[in-house]
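A short worksheet on the structure shown next.
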Amino acid sequence: MALGATRSRVLGGALRAGVIPIMMGLAAGLVGSAFATRLLESLLFGVAPGDPATGLMVAVVLWAVAVTATFIPAYRATGVDAAVVMRAE
């Protein structure tokens, strides 16, 4: 913001920087879970090993938590006065 960025640009950039690794991690996790379900089938109680609804719900909850964890610090960063931060440095 000290270089002229608007609050929405700072928020968007921070979210973009956080959401890309989140999506890559979710994709890798879904692929990994597809292979691991056969190995861990004996530990699954009440859930079929290839149940797409369960996998989708877990992915959605993890995505929501990760995006929230990215959004909160990004939003707080938009409220910082750039002049105060630059004086402190």
Simple spin-label model, 7 Å along Cα-to-Cβ: Ala36 to Ala5 in nm?
3.4 nm
Specify the residue with the greatest mean-square fluctuation among Leu26, Leu15, Leu40, computed from a Gaussian network of the chain linking alpha-carbon atoms under 10 Å apart.
Leu40
Which residue, Leu15, Val65, Ala83, has the largest displacement toward the positive end of the dipole of the chain when charges sit on each Cβ (Lys, Arg +1; Asp, Glu -1)?
Ala83
Determine ³J(HN,Hα), in whole Hz, for all residues of the stretch 5-14 in sequence, where each value follows from phi through the Karplus function 6.51 cos²θ - 1.76 cosθ + 1.60 and θ = phi - 60°; x replaces Gly and Pro.
6, 7, 4, 5, 5, 5, 5, x, x, 5
Of all chymotrypsin sites (Phe, Trp or Tyr not before Pro) in the stretch 25-89, which ones are in loop regions per DSSP and have a Cβ with at most 16 other Cβ atoms within 10 Å?
Phe45
Rounded to the nearest Å, the spacing of the alpha-carbon centers of the stretch 8-32 and the stretch 33-89 is 9 Å
Restricting to Cα pairs below 8 Å that are 6+ residues apart, what does the relative contact order work out to for the chain? Please round to a whole percent.
53 percent
According to the Cα gyration tensor, what semi-axes, each the square root of 5 times an eigenvalue, does the equivalent ellipsoid of the chain have, listed from largest to smallest in whole Å?
41, 11, 10
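Values quoted throughout were computed directly from the atomic coordinates according to the rules given, and no laboratory measurement underlies them. Small disclaimer: the values here were computed from a predicted structure and weren't measured. Cβ sites come from the backbone with ideal geometry, for glycine too, and all protein chains shown count toward neighbours.
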